[in-house]
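Colleague: Handing you this structure, nothing more for now.
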Amino acid sequence: MTDLRTEYLRLKGALHDPNTGLMASAAVFEKVRGMFQRGMTVGIVHVEMDPGARVEKVYGWQVIDGLLQSVASDLEALRGDMLPAESVVAQSGVHADRFILFVPIPDPAPGADAVDAICSRVRERLAARFDGEEFRTMSPRPAPGVGGAAVTENPFFRLERQLDRGLDEARGQASREIAGERTRQHAELKRIIREQEIETLFQPIVELRTGTILGYEAFARGPRDSALESPESLFECSREVGMAGELDLLCQRLALRRAGKLDPGCVLFLNALPASLLDPGFREGLLAALPAGFPIGRKDIVLEIADRQSIDDYQAFGAEVMDLRASGFRMSIDDVGKAATGLESLSEVRPDFIKVDASLIRHLDENLIKQELLRSLCQVARTMNAEVIVEGIETREELEASRRCGARFGQGYLFRRPSVDIPKSRRVETPGI
């Protein structure tokens with residue numbers, strides 16, 4: 001009896017998605033067969049999440065799992081509302097990001113027209129979801145592709161193969177819809193680069209005990225309220241078209257051009273991709289952007305290494321970075337302490353600044369383990385003659401905990417949100433400092 005239960009649970013696990021609660025399409029075939037037995041045409045609707053993979057790469061698997069739960073909930077809610085109650089909602093497989101709806105269409109309704117109408121309802125429902133508050137700040141915003149096909153049983157052909165051909169047709173329509181949107185985004189990215197439509201925002205980096213502003217980090221943003229507004233989606237799209245280096249240098253040049261109001265001695269932190277730092281023409285291209293009379297020199301420009309996951313050989317990378325140091329630039333390592341990012345880069349790059357990821361600072365005052373980790377990072381930094389900058393400080397309690405753990409500098413919404421303006425004052429007016 002135990003063996004039978006174990007086998008049952010194994011089979012169920014292979015056909016049931018624990019995240020959405022839906023069954024894989026192979027497990028609902030008998031229900032679909034019943035629709036044909038009642039003399040109905042079956043509409044097959046394929047819903048493919050895009051940019052699902054891009055969202056997962058930017059935000060992590062937990063976010064994409066939550067997104068898939070929302071889609072599954074919306075599709076289930078359509079049954080008995082906009083769709084017949086006996087409709088079946090499934091996934092293409094366990095942990096897949098594709099959904100399949102099997103919708104009975106009573107004859108003699110024109111199957112193709114009915115499926116087109118169903119696809120429109122599904123698009124409208126999901127569009128309303130993704131335009132809502134839950135996903136308003138997400139970029140890239142989910143944009144599912146929806147395709148459909150109508151299948152009427154033909155006794156001369158095996159039903160399974162008819163359904164398989166219907167699935168292929170619906171999937172092809174959804175994929176073409178997604179490909180069209182992706183092509184539009186690629187064209188938009190090229191226009192953004194060509195017309196230099198990048199906004200630069202500045203956020204102060206503050207001495208935590210005095211409130212004195214050490215300098216500013218420059219952030220790049222795409223056109224507001226667009227699919228390419230966030231730097232994550234902007235650069236992910238640039239990688240898809242092979243223009244990441246060009247976009248990276250453009251963002252740095254624009255940041256330098258717009259940082260002309262900095263006071264002498266103020267430090268400017270510029271994000272840079274590892275591939276850009278290894279490009280022989282990078283240094284010349286970056287310095288060419290410095291206008292005559294620029295208020296700060298090379299020693300006040302800190303190159304902040306982003307996307308460290310793309311570095312294959314830290315030892316070789318560290319050797320290449322030495323040339324930039326010899327030219328007068330300083331270096332910073334970003335996102336230290338973030339999940340899945342190693343500390344190997346610290347020993348090889350020997351940065352001047354170590355920026356601790358906001359995930360370690362969030363609720364720091366309530367978490368003794370996080371405090372111990374931050375103390376350890378501060379000790380490592382002192383050994384390397386580097387300074388620690390904690391990111392994402394939002395409360396006075398996090399500020400005070402950061403100071404107690406030994407961090408000297410910080411940035412976050414508590415002090416100031418990123419803005420196009422650079423204030424004249426070299427101090428922040430924050431209670432508690």
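The values are calculated or read from the model by the stated rules, or taken from the named source; none is laboratory data. Note that the structure is predicted; figures quoted are calculated from it, not measured. Heads up, the Cβs are rebuilt from the backbone with ideal geometry, glycines too, and the neighbour counts pull from every protein chain shown.
Colleague: Note down all Cβ pairs under 8 Å where the first residue falls in the range 272-285 and is crowded, with 16+ Cβ neighbours inside 10 Å, the second is among the β-branched types (Val, Ile, Thr), and they're at least six residues apart or on different chains.
Modeller: Close Cβ pairs satisfying both conditions: 272/305; 274/305; 274/311; 277/305; 277/321.
Colleague: So, one more: What pairs come out if I take residues in the range 18-38 that are of a type in the set (Gly, Ala, Ser) and pair them with residues that are part of a helix (DSSP H, G or I) whose C-beta lies under 6 Å away, six or more apart or interchain?
Modeller: 24/15; 27/15
Colleague: For the range 367-381, what are the residues that are of a type outside the set (A, V, I, L, M, F, W, C) and free of Cβ contacts under 8 Å to residues at least 12 places away in the same chain?
Modeller: Result: 367, 370, 372, 376.
Colleague: Another question, if that's okay. Just one of 433, 389, 361, 393 is closer than 23 Å to residue 216 by Cβ, aliphatic (A, V, I, L, M) and not assigned by TED's automatic domain parsing to the domain that holds residue 304; which is it?
Modeller: 433
Colleague: Would you point out which residue out of 218, 227 is among the hydrophobic types (A, V, I, L, M, F, W, C), in contact with a Ser or Thr (Cβ under 8 Å, 6 or more places away or on another chain), assigned to a strand (DSSP E or B) and touching a residue at least 24 places away in the same chain (Cβ under 8 Å)?
Modeller: 218
Colleague: Only one residue in 205, 192, 213 is modelled with pLDDT of 90 or more and either out of contact with any Asp or Glu (no Cβ under 9 Å at 6 or more places or on another chain) or basic (Lys, Arg) (or both). Which one?
Modeller: 192
Colleague: If we keep just the residues of the range 63-100 that are free of Cβ contacts under 8 Å to residues at least 60 places away in the same chain and of a type in the set (Ser, Thr, Tyr), which is farthest from residue 117 (Cα to Cα)?
Modeller: So the residue we want is 73.
Colleague: Moving to a separate point now. Of the conditions (1) on the phi > 0 side of the Ramachandran plot; (2) modelled with pLDDT under 75, residue 287 clears all except one; give me its number.
Modeller: Here residue 287 clears every test but (1).
Colleague: I've got another one for you. Is it the case that residue 294 is surrounded by 15 or more Cβ atoms within 10 Å (Cβ to Cβ) and over 29 Å from the mean Cα position of the chain (by Cα)?
Modeller: yes
Colleague: In the range 73-123, which residue that is hydroxyl-bearing (Ser, Thr, Tyr) and surrounded by 14 or more Cβ atoms within 10 Å (Cβ to Cβ) is farthest from the chain's Cα centre (by Cα)?
Modeller: Only one residue fits best here, namely 87.
Colleague: If only one of 261, 299 is of a type outside the set (Ser, Thr, Tyr), at pLDDT below 90 and part of a helix (DSSP H, G or I), which one is it?
Modeller: Going through 261, 299 in turn, just one is of a type outside the set (Ser, Thr, Tyr), at pLDDT below 90 and part of a helix (DSSP H, G or I): 299.
Colleague: Sticking with this one: Can you report the number of residues in the range 169-210 which are without any contact (Cβ under 8 Å) to a residue 60 or more places away in the chain and under 25 Å from residue 231 (Cα atoms)?
Modeller: The qualifying residues number 19.
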